[in-house]
Amino acid sequence: MPNTFKRTTEESSLYNNIENLSTHEILTNINKEDQKVAYEVEKVIQPIQLLVDAVTEKLRVGGRLFYIGAGTSGRLGLVDASECPPTFGVPSDLVIGVIAGGHQVVVGIAASGTTPYVIGGLRKCRAAGITTGSISCNKNCPVSKEADFPIEVVVGPEFITGSTRMKSGTAQKMVLNMLSTSVMIKLGRIKGNKMVNMQLTNQKLFERGVKMIMEEIETCDKQKATDLLTKYGSVKKSIEMAKT
């Protein structure tokens, strides 16, 4: 392990005797630490951009995006993957957590940057010619060495020492949101600022879809928009048919 690697995710918390703090003090201090996360994410916009462009290129030619991770990091990857089909109307196997060969991108998620499962997975992928990315919260960490597009968001010690589901988890979730959302926008899954490809899985989303159609087609009243959406089951398809 290189001497330049420092595991800040495991450093002692800046706070002590937190069990003696009042509820207000606990919440205020957690919030104070969380505010640092967005600032650190801002510092890694450029590497996130490189990964977004690489993922978009692969998905445009029929590839898929895979997240691999363990613990909180792995669960965050599953959350992001599971949100893509209902939000953007993409197949459930486009963004998934299982490694396979082909035109793909595999993103390893590890707060510490040392998780053997993630390092091994990325190493195997690179050997197979698969594009790789990583999201970690330590500088110059081992997992970054195995990624074509490493992202390191160094948020510092956690409020509770070593509890990387807190600031590190927040940072990883923010980067994952930026990654998948940016890719889907570039793939044409958003129109204007609307989720026109979302899955209409409940009445609230159906009503949101009706509103989208009415906003896009000024001559379309609520009943007509409802009829279109009922018939075509897609905001995008409904708008296209209304315009034609």
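Only the coordinates and a few stated rules stand behind these numbers; no lab work does. Since this is a predicted model, take the numbers as computed values, not measurements. A quick note on method: Cβ atoms are made from the backbone with ideal geometry, for glycine too, and the neighbour counts reach across all protein chains shown.
Using Cα pairs under 8 angstrom and six or more residues apart, how large is the relative contact order of the stretch 1-103, in percent?
Values: 53 pairs, mean separation 22.2, N = 103.
Computed value for the stretch 1-103: 22 percent relative contact order.
Which net charge results for the neighbourhood of Phe159, defined as the other residues with beta-carbon distances under 10 angstrom from its beta-carbon, given Lys and Arg at +1 and Asp and Glu at -1?
Within the 10 Å Cβ shell, the charges total -1.
From the cross-link list Lys211/Lys243; Lys58/Lys145; Lys36/Lys194, which pairs have alpha carbons spaced over 18 Å apart?
Exceeds cut-off: Lys58/Lys145; Lys36/Lys194.
Order of Thr9, Thr131, Thr230 from fewest to most other C-beta atoms within 10 Å?
By the 10 Å Cβ count, ascending, the order reads Thr230, Thr131, Thr9.
Using the number of other C-beta atoms within 10 angstrom as an exposure proxy, rank Ser73, Ser180, Ser13 with the fewest first.
Ser13, Ser180, Ser73
Just need the relative contact order of the stretch 203-243 here, percent rounded to a whole number, with Cα pairs under 8 Å and 6+ apart.
This gives 39 percent for the stretch 203-243.
If I fit a long axis through the Cα atoms of helix 45-60 and take the longest principal axis of the Cα atoms of the chain, what angle between them do I get, 0 to 90°, rounded to 10?
Taking Cα atoms only, the helix is inclined about 50 degrees.
Can you tell me what share of the DSSP beta bridges in the chain is antiparallel? A percent to the nearest 5 is fine.
Details: 1 of 18 bridges.
Within the chain, antiparallel bridges account for around 5 percent of the total.
Please give the calculated 222 nm ellipticity per residue for the chain, where each DSSP H segment of at least 4 residues contributes -39500 (n - 2.57) and the sum is spread over every residue; nearest 500 deg cm²/dmol?
That comes out to -16500 deg cm²/dmol.
Based on the alpha carbon coordinates of the stretch 134-244, what radius of gyration and maximum Cα-Cα distance (Dmax) apply, in Å?
20.7, 59
Highest first, please rank the peptides 17-29, 145-157, 192-204 by the mean number of other Cβ atoms sitting within 10 Å of their residues.
Working: 17-29: 10.5, 145-157: 21.1, 192-204: 14.4.
Final packing ranking: 145-157, 192-204, 17-29.
Compute the angle between helix 116-127 and the longest alpha-carbon principal axis of the chain, please, reported from 0 to 90 degrees and rounded to the nearest 10.
60 degrees
Under 20 Å between alpha carbons, and skipping anything fewer than 8 positions from Lys32 in its own chain: which aspartates and glutamates qualify?
Glu10, Glu11, Glu19, Glu40, Glu42, Glu158
Using the Kirkwood radius over Cα pairs, work out the Stokes-Einstein diffusion coefficient for the chain at 20 °C and 1.002 mPa s, in µm²/s as a whole number. Numbers along the way, then the final one.
Values: Rh = 19.6 Å.
It diffuses with D of about 109 µm²/s by this estimate.
Output the peptides 108-120, 51-63, 160-172 sorted from most to least packed, where packing is the average of other Cβ atoms within 10 Å over each peptide's residues.
108-120, 160-172, 51-63
Dipole magnitude of the stretch 1-99 about its Cα centre, charges +1 at Lys/Arg Cβ and -1 at Asp/Glu Cβ only, in debye to the nearest 20?
With only Lys, Arg, Asp and Glu charged at Cβ, the dipole is about 320 debye.
What's the magnitude of the charge dipole for the stretch 203-243 around its Cα centre, counting Lys and Arg as +1 and Asp and Glu as -1 at the beta-carbon? Answer in Debye, nearest 20.
180 debye
Note down the magnitude of the dipole of the chain about its Cα centre, charges +1 on Lys and Arg C-beta and -1 on Asp and Glu C-beta and zero elsewhere, to the nearest 20 debye.
Dipole magnitude for the chain comes out near 660 debye.
Report, in degrees rounded to the nearest 10, the 0 to 90 angle that the Cα long axis of helix 222-232 makes with the longest principal axis of the chain.
Result, in degrees: 70.
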